[in-house]
Amino acid sequence: MSKEIKQIAIYGKGGIGKSTTTSNISAALAKEGYKVMQFGCDPKSDSTNTLRGGKYIPTVLDTLREKNKIKAEEVIFEGFGGVYCVEAGGPAPGVGCAGRGIITAVELLKQLKVFEELDLDFVIYDVLGDVVCGGFAIPIREGIAKHVFTVSSADFMAVYAANNLFKGIQKYSNNGGALLGGIIANSINAPYAKDIIDDFADKTHTQVVQYIPRSVTVTQSELMGKTTIEAAPQSEQARVYTSLAIKIAEHIESKVPSPLEIRELREWAAVWANQLLALETGEVRSVAANI
Ligand code: ADP
Ligand code: MG
């Protein structure tokens, strides 16, 4: 009997750090001895770059456009630590639905029976999440993934995208959709950023799984075409990513979140705006007092 493969989807606003975080999770899990597939579902098709020395791989949709019968090895490429890398790709800009592309790619791998044959422990889907588009909900909706994590900073746009994702999860939760594991808080350096994201997690009845600082080590690693796990394994940042990967590996129970209504979200933001202003004024005073 084949073991159950843990299927995880990582969502978040464009540019928030999904691919960076996902690739580091994959690399860390591979180092822990797990068999991992990273499945890029962003039409940008750059999810797995840092697992492959900065190189792009052919996407499933592009390959399917060239020929209608394809072999697994034409779309699955091994990266750091033996992580299997796949990029779903996307339709030509302005034509078709990116979500359909994801389902086509997943269906193809199912037909080719690669999930069983590779004896995987984890499949991690890296999905663009700031678009209010049903297509991108496919990994949640169709029961492809079981647990969802969202990458968010303390910026309002990132929180807004996370809140929209929570609405999607809540909507499909009655029909066997994926549930929420929690928030991966990225680029958290200032104490107020932690407070903001903690408060949002609290209000929406979820949890922060890991705080990840913004770090120049990540920038350096990316410029070398590598994950931080590969480029700087002894660094503090690599330790943070490993801690996150282990928490995800051990994570069992996901939940239905309680997204805020748009009016509540705006009010929440306004309260924080006032608090930050007060903090800023306080800082000005304390600096003045030191003169
Ligand atoms: P996404 O996949 O969400 O579009 P990326 O993972 O491609 O975003 O990240 C966008 C940019 O932000 C990249 O240049 C990446 O190196 C940088 N980045 C992400 N997280 C961090 C971090 N914790 N510290 C420093 N740079 C980061
Ligand atoms: Mg990305």
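Annotations
- Selection within the stretch 1-24: residues that are surrounded by 20 or more Cβ atoms within 10 Å (Cβ to Cβ) and more than 16 Å from Pro139 (Cβ to Cβ). The member of this set that is farthest from ligand 2 (Cβ to nearest atom) is Asn24.
- Test for Gly96: is it at positive phi, at pLDDT 85 or above and more than 16 Å from ligand 2 (Cβ to nearest atom): no
- Scanning the stretch 31-45 for residues that are touching a residue at least 40 places away in the same chain (Cβ under 8 Å), surrounded by fewer than 24 Cβ atoms within 10 Å (Cβ to Cβ) and more than 15 Å from Gly12 (Cα to Cα) returns Lys31, Glu32, Tyr34, Lys35, Met37, Ser45.
- Taking every residue in the stretch 111-129 that is under 14 Å from Lys6 (Cα atoms) and pairing it with any residue that is modelled with pLDDT under 90 and within 16 Å of ligand 2 (Cβ to nearest atom), at least 6 positions away or on another chain, the pairs with Cβ-Cβ distances below 6 Å are Tyr125/Pro139.
- Boolean, Ile70 is out of contact with any Asp or Glu (no Cβ under 7 Å at 6 or more places or on another chain), among the β-branched types (Val, Ile, Thr) and at pLDDT below 95: yes
- Take the conditions (1) in contact (Cβ under 8 Å) with a residue 60 or more places away in the chain; (2) among the aliphatic types (A, V, I, L, M); (3) within 27 Å of Val83 (Cβ to Cβ); Ile196 misses just one of them, which is (3).
- Residue match in the stretch 75-91 (condition: of a type in the set (Asp, Glu) and over 19 Å from Lys44 (Cβ atoms)): yes
- Candidates Tyr241, Tyr172, Tyr211 - the one that is surrounded by 15 or more Cβ atoms within 10 Å (Cβ to Cβ) and at pLDDT below 95: Tyr172
- Condition met for Tyr34 (within 16 Å of ligand 2 (Cβ to nearest atom) and aromatic (Phe, Trp, Tyr)): no
The values are calculated or read from the model by the stated rules, or taken from the named source; none is laboratory data. Source: prediction; values computed, not measured. Neighbour counts run over all protein chains shown; Cβ positions are idealised from the backbone, glycine included.
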